[in-house]
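Working notes, structure below.
The values are calculated or read from the model by the stated rules, or taken from the named source; none is laboratory data. Not measured: the values here are computed from a predicted model. A quick note on method: Cβ atoms are made from the backbone with ideal geometry, for glycine too, and the neighbour counts reach across all protein chains shown.
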Amino acid sequence: MGIKEELQKLAEANEMEYFGVSPAERLTNLPEGHRPTDLLPGAKSVIVLGKKIPQGAITAHKQAFAGERHQYFSYTIYGYLKVNDMLNNAAFRVVRYIEKNYKRVAYPIPSSQPRDEYLYMGAMSNRYAAVCAGLGEFTWSGFVATPKDGPRVRWVSVITDAEIEPDSLYTGSKLCDHTKCNLCVEICPVGALSEDQAVEVQIGDFRTSYSLRQKALCRCATTGLVKGTPGRLQADIPAQMKSMDDWFEMNKKDDPWQRMEFNHGNYCHRCMIECPIGTN
């Protein structure tokens with residue numbers, strides 16, 4: 001059994017439903033400073049683990065948006081924070097396995113938080129890594145669609161200077177065609193997704209794309225500051241909301257009761273939860 005098979009077996013033992021490997025050079029299109037070789041000089045491979053969101057947490061999310069706000073906490077803890085914890089724990093075990101048994105360096109990228117809040121981005125994109133590892137394609141809303149579970153999967157990555165056999169890029173049928181399904185654009189409570197402006201992604205011969213998203217607007221939804229989310233503030237968005245500085249000023253108006261609550265999850269994710277891919 002080689003290193004790839006050993007790591008996949010370890011991932012499965014830690015309740016990961018998805019496992020893939022990308023060569024580091026597939027991620028060279030990421031912004032400067034956020035590429036595997038920027039973070040770990042000599043990086044050869046990126047290992048990606050994925051954990052699907054439990055169906056019960058998805059149900060809780062839908063009920064919260066239907067007006068039963070208290071159900072939001074079940075989604076936050078069991079569909080977001082707990083899933084992230086499991087991903088980070090699994091990544092840590094992969095790191096320790098590589099460093100102990102193969103004497104190579106392994107650099108984990110956390111699932112979601114912590115991140116650079118001003119730039120609203122992490123050290124490296126776990127979603128982009130998942131696409132590069134052949135686990136799916138981008139949805140128009142910017143999540144990674146998988147054939148089985150759609151975009152309702154969370155991801156974690158491990159960069160390593162060990163050379164591991166890579167997986168092929170996704171070759172299945174097209175999963176997201178926003179020209180036929182515009183649901184994510186229509187249900188976004190802040191209008192953060194462009195209907196026609198795209199970020200084009202080219203990885204070798206593989207092409208995928210996602211909507212040009214206004215990060216400050218999206219941040220208003222994820223922090224529960226606006227109408228259409230389970231947040232308490234229900235404030236109106238200013239006419240101009242273009243930068244994270246604009247979001248910071250609006251965040252000062254947050255409802256004091258909301259500040260007292262467990263407010264480290266995500267008050268939105270509606271585009272991901274309601275996406276029809278993987279629901280049949």
Check: If you take the residues of region 141-156 that are over 11 Å from the mean Cα position of the chain (by Cα) and outside any loop (DSSP other than H, G, I, E, B), which of them is farthest from Glu6 (Cα to Cα)?
Finding: Gly150
Item checked: Scan of region 69-87 for residues that are of a type outside the set (A, V, I, L, M, F, W, C) and buried (at least 17 other Cβ atoms within 10 Å of the Cβ), ordered by number -> Gln71, Tyr72, Ser74, Tyr75, Thr76, Gly79, Tyr80, Asn84
Checklist line | Close pairs (6 angstrom Cβ cut-off, 6 or more residues apart or separate chains): exposed (fewer than 15 other Cβ atoms within 10 Å of the Cβ) in region 1-23, charged (D, E, K, R) anywhere | finding: Glu17/Lys52
Next item on the list: Determine whether Ala198 is crowded, with 17+ Cβ neighbours inside 10 Å, outside any loop (DSSP other than H, G, I, E, B) and either at pLDDT 90 or above or in contact with an Asp or Glu (Cβ under 8 Å, 6 or more places away or on another chain) (or both).
Entry: no
Next item on the list: Search region 245-272 for residues that are farther than 16 Å from Pro230 by Cα and pair each with any residue that is exposed (fewer than 10 other Cβ atoms within 10 Å of the Cβ) when their beta-carbon atoms are under 7 Å apart and the residues are at least 6 apart or on different chains.
Entry: Asp246/Gln240
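Those residues that are more than 30 Å from Leu169 (Cα to Cα) and either in contact (Cβ under 8 Å) with a residue 40 or more places away in the chain or assigned to a loop (DSSP other than H, G, I, E, B) (or both), I need them from region 217-230; list them, please.
Selection gives Arg219, Ala221, Thr222, Thr223, Gly224, Leu225, Lys227, Gly228, Thr229, Pro230.
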Next item on the list: Restricting attention to region 241-280, report how many residues are out of contact with any strand residue (DSSP E or B) (no Cβ under 8 Å at 6 or more places or on another chain), surrounded by fewer than 17 Cβ atoms within 10 Å (Cβ to Cβ) and among the hydroxyl-bearing types (Ser, Thr, Tyr).
Entry: 1
Next item on the list: Those residues that are in a loop (DSSP other than H, G, I, E, B), closer than 30 Å to Lys148 by Cα and either modelled with pLDDT of 90 or more or more than 23 Å from the chain's Cα centre (by Cα) (or both), I need them from region 231-280; list them, please.
Entry: Tyr267, Cys268, His269, Cys275, Pro276, Ile277, Gly278
Check: Going through region 133-166 one residue at a time, which ones are touching a Gly at 6+ places or on another chain (Cβ under 9 Å), crowded, with 24+ Cβ neighbours inside 10 Å and among the hydrophobic types (A, V, I, L, M, F, W, C)?
Finding: Ala133, Leu135, Phe143, Val144, Ala145, Val153, Trp155, Val156
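Given the criterion surrounded by fewer than 15 Cβ atoms within 10 Å (Cβ to Cβ), touching a residue at least 12 places away in the same chain (Cβ under 8 Å) and either under 19 Å from the mean Cα position of the chain (by Cα) or within 30 Å of Leu10 (Cβ to Cβ) (or both), identify the matching residue among Leu175, Leu212, Leu193, Leu169.
Leu212
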Notebook entry, point to check: Cβ-Cβ below 7 Å, separation at least six or inter-chain, first residue in region 92-103 and of a type in the set (D, E, K, R), second not in a loop (DSSP other than H, G, I, E, B): which pairs?
Noted result: Arg93/Leu10; Glu99/Ala106
Check: Got at least one residue in region 148-161 being of a type in the set (Asp, Glu) and modelled with pLDDT under 95?
Finding: no
